[in-house]
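Comments concern the structure below.
The values are calculated or read from the model by the stated rules, or taken from the named source; none is laboratory data. What you are looking at is a predicted structure, and each value in this text was computed from that prediction instead of being measured. As a convention, Cβ positions derive from the backbone with ideal geometry for all residues, glycine included, and neighbour counts pool all protein chains shown.
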Amino acid sequence: MEHYFGAHTVDTGGIHMAARRASNAGMRALQIFSAIPKYYNERVSVRPERAERFRETIAATKIAPERIVVHAAYVLNTATPDDAKWTRARDGLAKELERSTTLGVGAVCFHPGAATDGDRDAAAERIASAIIHALDLVKGDTRLLVENTAGAGTTMARTPEEIGAILAHVPKRLRARTGYGLDTCHLFASGYDLRASADTLSGVLDAFEEAAGETPGFFHLNDSEGALASNRDRHMLIGDGMIGADAFGWLLADARSRGIPLILETPQLDYEIGDDDDAPDPYDVQMMELLARLEKSA
């Protein structure tokens, strides 16, 4: 299997323009927002013409729909014990899955939120309940994937055991439509020293695979501005942060990085690009060149 590199590209001009910018950077995977990520968006749908324009654009690229990830809104706290907030988060997650299914993408990734009352076992059940609700409500092939977190405060999914606990509460009939993904910055910020050695990195992946019962459904390829175990979710270009480029080469040498979206969430140089400008971001081009070199040496 191959490596499928992509990025969360700037969507100025529409999500179809994000796809064109990724394609013009030589990418074969993509991440987008389906709605403004600072809102719950529990009543926001995708207009048919927007979905059709996106699907037509993707068909003209080398980005297969199954290698597209939609990142859910940051405000969705499916772990909260507050019933009103949990219901809004649950409904927002279900609506996200509906929008993403309409767009025809492979997966939705989401941050599961925080156990603000300190009861992490109950929080895992609440997260799973939101996943079950979304999957029962929205039929299709789009998967709903838990993303590991940087470990700040009472956030959930920072350890293999927590991701395993969340997924263990999802019934077998739905398990094929859910899973998890790993962000390298979040791993490092949570205390996993990916830069130590290839064996250390492999051991981290082993722990998540054992706890979850499966391999990751995606990777976010981000270097870290913060130090090891800092719990800081601050992304940097690969090689410019505290992790360093070597660890990403070790990751690419691991078979678990093949056949799934490998998404850069690293800084963009031009956030003010014009609506009709589909030029790839220079930083994305730089990262693609670096990943090609790392892949060759892996």
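For residue 112, indicate whether it is at pLDDT 95 or above, closer than 24 Å to residue 153 by Cα, out of contact with any strand residue (DSSP E or B) (no Cβ under 6 Å at 6 or more places or on another chain) and not in a helix (DSSP H, G or I).
In short, no.
Would you be able to say whether some residue in the stretch 29-49 is of a type in the set (Lys, Arg) and either buried (at least 16 other Cβ atoms within 10 Å of the Cβ) or farther than 30 Å from residue 85 by Cβ (or both)?
no
Which one is farthest from residue 9 (Cα to Cα), of the residues in the stretch 33-75 that are of a type in the set (Gly, Ala, Ser) and over 20 Å from the mean Cα position of the chain (by Cα)? It would help to see each step written out before you state the result.
Kept after step one, since they are of a type in the set (Gly, Ala, Ser), are these residues of the stretch 33-75: 34-35, 45, 51, 59-60, 64, 72-73.
From the residues that got through so far, the ones that are over 20 Å from the mean Cα position of the chain (by Cα) too are 45, 51, 59-60.
Working: 45: 21, 51: 18, 59: 18, 60: 17 Å.
The extreme case among them is 45.
Determine, yes or no, whether residue 202 is of a type in the set (S, T, N, Q), out of contact with any Lys or Arg (no Cβ under 8 Å at 6 or more places or on another chain) and over 16 Å from residue 71 (Cβ atoms).
yes
Step by step: first the residues of the stretch 55-98, then only those that are touching a Gly at 6+ places or on another chain (Cβ under 8 Å) and of a type outside the set (A, V, I, L, M), then the one that is surrounded by the most Cβ atoms within 10 Å (Cβ to Cβ). Which residue is that?
Taking the candidates together, the pick is 78.
Consider only pairs whose beta carbons are under 6 Å apart and that are at least six residues apart or on different chains; among these, list those whose first residue lies in the stretch 252-275 and is closer than 30 Å to residue 206 by Cα and surrounded by 15 or more Cβ atoms within 10 Å (Cβ to Cβ) and whose second residue is acidic (Asp, Glu) and at pLDDT 95 or above.
252/295
If a residue has to be polar (S, T, N, Q) and under 21 Å from the mean Cα position of the chain (by Cα) to count, how many in the stretch 81-120 make the cut?
3
Would you confirm, using the coordinates I've provided, whether residue 280 is assigned to a loop (DSSP other than H, G, I, E, B), out of contact with any His (no Cβ under 6 Å at 6 or more places or on another chain) and either of a type in the set (D, E, K, R) or closer than 23 Å to residue 189 by Cβ (or both)?
No; evaluated as a whole, the condition is false for this residue.
Residues are listed down the side, and each one gets a yes or a no for (1) more than 30 Å from residue 232 (Cβ to Cβ); (2) among the β-branched types (Val, Ile, Thr):
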| residue | (1), (2) |
| --- | --- |
| 119 | no, no |
| 132 | yes, yes |
| 145 | no, no |
| 153 | no, no |
| 156 | no, no |
| 180 | no, no |
| 184 | no, yes |
| 187 | no, no |
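Going residue by residue through the stretch 196-207, is there one that turns out to be closer than 22 Å to residue 120 by Cβ, part of a helix (DSSP H, G or I), of a type in the set (A, V, I, L, M, F, W, C) and touching a Gly at 6+ places or on another chain (Cβ under 7 Å)? Walk me through it before giving the result.
We begin by selecting, within the stretch 196-207, every residue closer than 22 Å to residue 120 by Cβ; these are 204, 207.
From what is left, the residues that are part of a helix (DSSP H, G or I) are 204, 207.
Now narrow it down to the ones that are of a type in the set (A, V, I, L, M, F, W, C): 204, 207.
When the remaining residues are screened for being touching a Gly at 6+ places or on another chain (Cβ under 7 Å), the result is none.
The answer is no; no qualifying residue exists.
Could you list, in sequence order, the residues of the stretch 237-275 that are assigned to a loop (DSSP other than H, G, I, E, B) and aliphatic (A, V, I, L, M)?
The answer is 237, 238, 242, 243, 260, 269, 273.
Any idea how many residues of the stretch 127-149 are within 20 Å of residue 75 (Cβ to Cβ), touching a helix residue (DSSP H, G or I) at 6+ places or on another chain (Cβ under 7 Å) and crowded, with 24+ Cβ neighbours inside 10 Å?
7
Taking residue 210 and the conditions (1) acidic (Asp, Glu); (2) buried (at least 20 other Cβ atoms within 10 Å of the Cβ); (3) over 22 Å from residue 75 (Cα atoms), which numbered condition does it fall short on, given that it satisfies the others?
Condition not satisfied by residue 210: (2).
Looking at the stretch 94-109, I want the residues that are without any contact (Cβ under 8 Å) to a residue 60 or more places away in the chain and have a partner that is in a helix (DSSP H, G or I) and buried (at least 24 other Cβ atoms within 10 Å of the Cβ) with Cβ atoms under 7 Å, at least 6 apart or on another chain. Which pairs are those?
94/134; 97/134; 108/96; 108/97; 108/100
Look through 230, 224 and report the one residue that is buried (at least 23 other Cβ atoms within 10 Å of the Cβ) and hydroxyl-bearing (Ser, Thr, Tyr).
The conditions single out 224.
Can you pull out the residues in the stretch 169-195 that are under 16 Å from the mean Cα position of the chain (by Cα) and in a loop (DSSP other than H, G, I, E, B)?
Residue satisfying the conditions is 177 alone.
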